[in-house]
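Asks: Structure provided below as structure tokens; questions to follow.
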Amino acid sequence: MTDLADLSIAEAGRQLRAGDITSIDLWEATVTRIAYTEPHLHAFLTVDRDGARAAAHAADAAFKAGEDAGPLQGIPIALKDNMCTKGLATTASSRMLEGWVPPYDGTAVAKLRAGGAVLVGKTNLDEFAMGSSTENSAFGTSRNPWDTNRVPGGSSGGSAGSVAAGAAMGAFGSDTGGSIRQPAALCGVVGMKPTYGLVSRYGLIAFASSLDQIGPFARSVEDAALLLEGVAGHDIHDATSYRGEYPTFSDGLDLGVKGLRVGIVKELMVDAIDSEIRSASRAMADKLADAGADVVEVSLPSSEYALSAYYLIAPAECSANLARLDGVRYGNRVPADTTDEMMAKTRAAGFGPEVIRRILLGTYALSAGYYDAFYGQAQRVRTLVRQDFAKAYEHTDVLISPTTPTTAFEIGAKTDDPIAMYYSDVCTIPSNLAGDPSISVPVGLDTQGLPIGFQIMAPALGESTLFRAAAEVERLAEFTARPLLAVSKETV
Amino acid sequence: MPVDIDIAKVAHLARIDLSAEELAQYGAQLSVILEYAERVSSLPTEGVEPTSHPLPATNAFRPDVVTPSLTNEEALAMAPEAEDGYFRVPRILGEP
């Protein structure tokens, strides 16, 4: 019999509504899995056992009363620890916020609660979402369930690992330059970054406001669509949230790709991308063509400058956003004689090295005399990247590429080389700069038995087409492997 | 070419109190990162408008209606130091 912790959200929803299982059953299966996997993974910073149990009871009572708040009612879901949860510690994996308990729920969190979701706990991340491995967490590195000597990716590594291991049925993270898709690829799960503005950023601890977007992790494309539907929508608390209408993303997953125009991005199939990953991407492109898609090669010439532009824009925005962490209103404080000294000592003690590096980088890029050469030029390159995408979408519906240049790397392998670490996001950053939706779907394992992610990108608000293509990729890949950690709890 | 940075000035602007050793270390790292980031300047961008935001939306108004917000107690509950309903900080001005 299938362990309930391994059910898809869609299947669990059917069984809940048929009365075959209860939300408490799902929670107990989940918490049992957490007890087994967590000592190996460290995916969570907080597991909210009491809150989750109460939410599961409430969901069961609602089902009994005939109340149905939607597909996430009664489903155990994990949240990245940069999403504010009222009454539950939220740290962004930083000493600066250690012990901080938010006085409010972020909008995505409030929507999940209103939808009856069972919020399992808060997952580990690189401090303030800055990193690609969770090694920048102040509270210890998370591990990859496929090989615990390797990183789960980042920054949303805890969310990715928890879903891969069955320690949550779905999870949310945030993606500024790839922080959902990259760890999803490294952990063998589906990870999706929505169109900028589709999900409110209210209550998401800000990193780079013009790039940050909340999105789902799931073990299937359908589940990812259901999770996104649970949090999307306009919010008066986020002036940049999208006001218009959008379709139901989970409709049309069975439509296939016949006639779909698919562009494989030339610049993301270069030698710097691991050859096994390129082969897997090429093979999937061929399968899509066999399935009726019209596959062509496209060029995004400015994309090779996207990474450079990103490492000016994101630090610039982060240096402004993190200015609020000054020891005055919340967070930790190092005492000193004057306020100025207190702020400088507080920030030196509260921030880890990568956060300090990026704040300094951003401060420099925005400072008088350098603004136009660095930040201004990066913003113009951002325009060129957007123009490249617009041109490609004149004759394609979606674009495809590898999600990452390598599969999961060993802990410590890149910690001394910031640029090598930054390169982890080379394939994912262009969609953030453009504000477009993008998804990573697992398509196989490399010769070391590590998952390979395949990226699909679509124009802004093209989520329906994106999910439709992703569902076909999922069918064609027939990726059913699970990490040993998730299947061997009786034997280990 | 490595980029020359007055790292002590940058750290002061960012209000981060770093030792001389840390300043040297971050300065060297930033120089390497900026050398990489500076590649953006090799693209011709004359006449290209900068993008500051992916959405063209301007003037996002909400209805002008008063709604509940945090109470004074809730807002101060997590303050490092509070007194009489206010956030409390150390001396701001120099010695009198």
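What follows is calculated from the coordinates using simple rules that are stated; it is not laboratory data. Owing to the predicted nature of the structure, the values given are computational and were not obtained by experimental measurement. Using ideal geometry, Cβ is built from the backbone for each residue, glycine included, and neighbour counts are taken over all protein chains shown.
Asks: Go through the stretch A:1-53 and report how many residues are among the β-branched types (Val, Ile, Thr), under 21 Å from A:ASP147 (Cα atoms) and surrounded by fewer than 23 Cβ atoms within 10 Å (Cβ to Cβ).
Replies: 1
Asks: Is there any pair linking a residue in the stretch A:57-76 that is without any contact (Cβ under 8 Å) to a residue 40 or more places away in the chain to one that is assigned to a helix (DSSP H, G or I), with Cβ under 7 Å and at least six apart or on different chains, and which?
Replies: A:HIS57/A:ILE24; A:ASP60/A:SER23; A:ASP60/A:ILE24
Asks: Test of understanding: among A:ARG380, A:ARG333, which residue is over 20 Å from A:MET130 (Cβ atoms), of a type outside the set (Phe, Trp, Tyr), without any contact (Cβ under 8 Å) to a residue 40 or more places away in the chain and touching a helix residue (DSSP H, G or I) at 6+ places or on another chain (Cβ under 6 Å)?
Replies: After ruling out the rest, the residue left standing is A:ARG333.
Asks: Something else: What are the residues in the stretch A:52-74 that are out of contact with any strand residue (DSSP E or B) (no Cβ under 6 Å at 6 or more places or on another chain) and either aromatic (Phe, Trp, Tyr) or closer than 15 Å to A:ALA168 by Cα (or both), if any?
Replies: The answer is A:ARG53, A:PHE63, A:LEU72, A:GLN73, A:GLY74.
Asks: Turning to a different aspect of this structure: Please go through the stretch A:318-357 and pick out each residue that is more than 9 Å from chain B (Cβ to nearest Cβ) and either touching a Pro at 6+ places or on another chain (Cβ under 8 Å) or closer than 17 Å to B:LEU34 by Cβ (or both).
Replies: Matches in the stretch A:318-357: A:CYS318, A:GLU354.
Asks: A:TYR311 - would you say it is in contact (Cβ under 8 Å) with a residue 60 or more places away in the chain, part of a helix (DSSP H, G or I), at the interface with chain B (Cβ under 7 Å from one of its Cβ atoms) and more than 19 Å from A:LEU97 (Cβ to Cβ)?
Replies: yes
Asks: In the stretch B:66-96, what residues are loosely packed, with under 10 Cβ neighbours inside 10 Å and facing chain A (nearest Cβ under 7 Å)?
Replies: B:ILE92
Asks: Please count how many residues of the stretch B:1-31 are touching a residue at least 24 places away in the same chain (Cβ under 8 Å) and within 7 Å of chain A (Cβ to nearest Cβ).
Replies: 2
Asks: Go through the stretch A:198-242 and report how many residues are among the acidic types (Asp, Glu), under 21 Å from A:ALA185 (Cβ atoms) and outside any loop (DSSP other than H, G, I, E, B).
Replies: Result for the stretch A:198-242: 2.
Asks: Shifting gears a bit: Within the stretch A:388-419, how many residues are acidic (Asp, Glu), surrounded by 20 or more Cβ atoms within 10 Å (Cβ to Cβ) and not in a helix (DSSP H, G or I)?
Replies: Result for the stretch A:388-419: 1.
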